[in-house]
1. Hey, can you list the DSSP H helices of the chain whose Cα span along the axis is 24 Å or longer and whose average Kyte-Doolittle score is at least 0.0?
2. Considering just Cα atoms, how many Å³ per residue does the convex hull of region 73-194 enclose?
3. Considering all alpha-carbon pairs of the chain, what whole percent are spaced by more than 33 angstrom?
4. Quick one: of LYS69/LYS194; LYS87/LYS161; LYS24/LYS139; LYS69/LYS228; LYS87/LYS190; LYS131/LYS190, which pairs are farther than 19 Å apart, Cα to Cα?
5. Please report the carbon-and-sulfur percent of the accessible area for the chain; probe 1.4 Å, protein heavy atoms only, DNA, RNA and ligands left out.
6. With the chain treated as a Gaussian network of Cα nodes joined by springs under 10 Å, which of ALA197, ALA179, ALA237 yields the largest mean-square fluctuation?
7. Modelled label-to-label distance, TYR12 and GLU118, 7 Å Cα→beta-carbon offset: nm?
8. Go through ILE234, THR189, MET206 and say which Cα lies farthest out towards the positive end of the charge dipole of the chain; charges sit on Cβ, +1 for Lys and Arg, -1 for Asp and Glu.
Amino acid sequence: MSEKNMLDLLNYFKRKYAQDYAVKIVQFFRSIYTYAVSKGMVEKNPLTSIRLEKLGEYDTTHLTQDEVKRISNFNFYKLNLPAESLKVLDEERDALIFTCYTGLHHSDYKNGAFELIEYNGRTWISGYRVKSKGGRRDKPYSIPLHPLALAIVDKYGGIDKLPKRNNSKRNQILKNIAAYTNIKVNLTTKIARKTLADYCLNTLQMRQEVLASILGHVSTKFIKHYAKISNSSIDEAMQFDNLNSKLDDTENHK
């Protein structure tokens, strides 16, 4: 791959994704060339001179709760489609809603070994993320199941019986779901994880430390990749309606 080819690819990724994510992809390609040079597989790295600059901006695109409800409530069976197509749409909708309220990465949803446990009167999903390093099970994951997620588990007769497909096929089906339900977001499996993060941060007003644990992270470092605090959350947190009365009370107690 020439420098021009990589620049064209970088510009394509910038149009399709946030710049920081595009840069991350190109850095990966450059690291492969660096390794190839060190092993004598190629003479030089044609990507060395390409300037890669991250902006500190992250793509936190997600579904709003209204959009999640719209997808959840949509009746695909009213569409004039073959029975098998309707079944596929219904199953993938369930997989999307389940991951929107569990935050499971596609690899965890498809390959993870999770169990349902009872804690404090509620049903939880618990286990370890697939990305645990070297099989050390160092990324525990545990979260109470949202009523919609629990209903989906009940519908299929167990967490191990949820509909599962490869990521490419899922993303193709999700594009159709977005079209049928008039969702303008570029709907992919990645959106579900970001949707949970936004729901927890801005609807439930959850502390970032708790959100990080739910996402299977050991720190809050990567929260910014998934969600950001909305203006509505800031507005709700900073209310000054009772400020004058509180100041008066303070003066009266002096």
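1. Span-like helices in the chain: 19-38, 83-100.
2. Output value, Cα hull per residue: 115 Å³.
3. In whole percent, the share of Cα-Cα pairs in the chain beyond 33 Å is 35.
4. LYS24/LYS139; LYS69/LYS228; LYS87/LYS190
5. With neighbouring chains kept in place, the figure for the chain is 51 percent.
6. In the Gaussian network model the winner is ALA237.
7. 5.4 nm
8. Going by the Cα projections, it comes out as THR189.
The values are calculated or read from the model by the stated rules, or taken from the named source; none is laboratory data. All of these numbers come straight from a predicted model, not from anything done at the bench. Counting neighbours? That spans all protein chains shown, and the Cβs are built from the backbone with ideal geometry, glycine included. For the accessible areas, the whole protein counts, side chains as well, though only heavy atoms, and no ligand, DNA or RNA atoms are used. Shrake-Rupley method; radii C 1.70, N 1.55, O 1.52, S 1.80 Å.
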